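None of the figures in this text is laboratory data; all of them are computed from the coordinates on show. Keep in mind it's a predicted model, so treat the numbers as computed, not measured. Don't worry about glycine lacking a Cβ; one is built from the backbone with ideal geometry, like all the others, and counts go over all protein chains shown.
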Amino acid sequence: MSWSAALLALLVSHVVGDILLQTDWQAQNKAGGLGDEKLARRALCRHLATYTMAFVPALLWIGKDRGVGRAASVGGLVAVSHVIIDDGRLVHAWTHQVKHATEPPAGLLIAVDQSFHLLSLVGAALVAAR
């Protein structure tokens, strides 16, 4: 499997899990889900569960081609990076500290969020293909 083929499979899985399957309730309430707030944690965990399910076909393919351990590693990378990004604090810190946006518009936050997801999926694809 090439890294580009793995990336394509991971990108399709990401779009399905992050856009098609994510509910409005999850999107509206997941911010800060790694903190103490129970509603945010529940929303982030539910989103992570449905998001991860979207990766099952890609992970099965990776497992068949590269082994179960590799597929589990890729799945772990995808899940951990996704939950950190979707918690929102990294995205907000980046927009404030790097982009110097004191009150970033929603479109900028979404663009930064998806950029981090893309970078993490490239890393996961490289792990899948090595």
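Given the alternatives (i) 48, 24, 24; (ii) 45, 30, 23; (iii) 48, 40, 25, Cα extents along the principal axes in Å as computed for this entry is given by (ii).
Here LYS38 is the anchor, and the lysines within straight C-alpha reach of less than 16 Å, apart from those fewer than 8 places off in the same chain, are LYS30. Annotation for segment 44-109: trypsin sites (Lys or Arg not before Pro) lying in DSSP loop with at most 12 further Cβ atoms inside 10 Å of their Cβ are LYS99.
By the combined test of axial Cα extent (at least 30 Å) and Kyte-Doolittle hydropathy (mean at least 1.0), the qualifying DSSP H helices of the chain come to 106-129. For segment 3-129, a crude dipole built from +1 on the beta carbon of Lys and Arg and -1 on the beta carbon of Asp and Glu, taken about the Cα centre, is about 320 debye to the nearest 20. Subtracting the Cα-Cα distance of LYS38 and ILE84 from 0.36 nm times their residue separation leaves 14.9 nm of extension gain.
The calculated FRET efficiency for ILE19 paired with ARG130, based on their beta-carbon distance and R0 = 25 Å, is about 0.30.
Just going by the charge dipole of the chain, with Lys and Arg at +1 and Asp and Glu at -1 on Cβ, which of LEU108, ALA6, HIS92 is farthest out on the positive end? Farthest towards the positive pole: ALA6.
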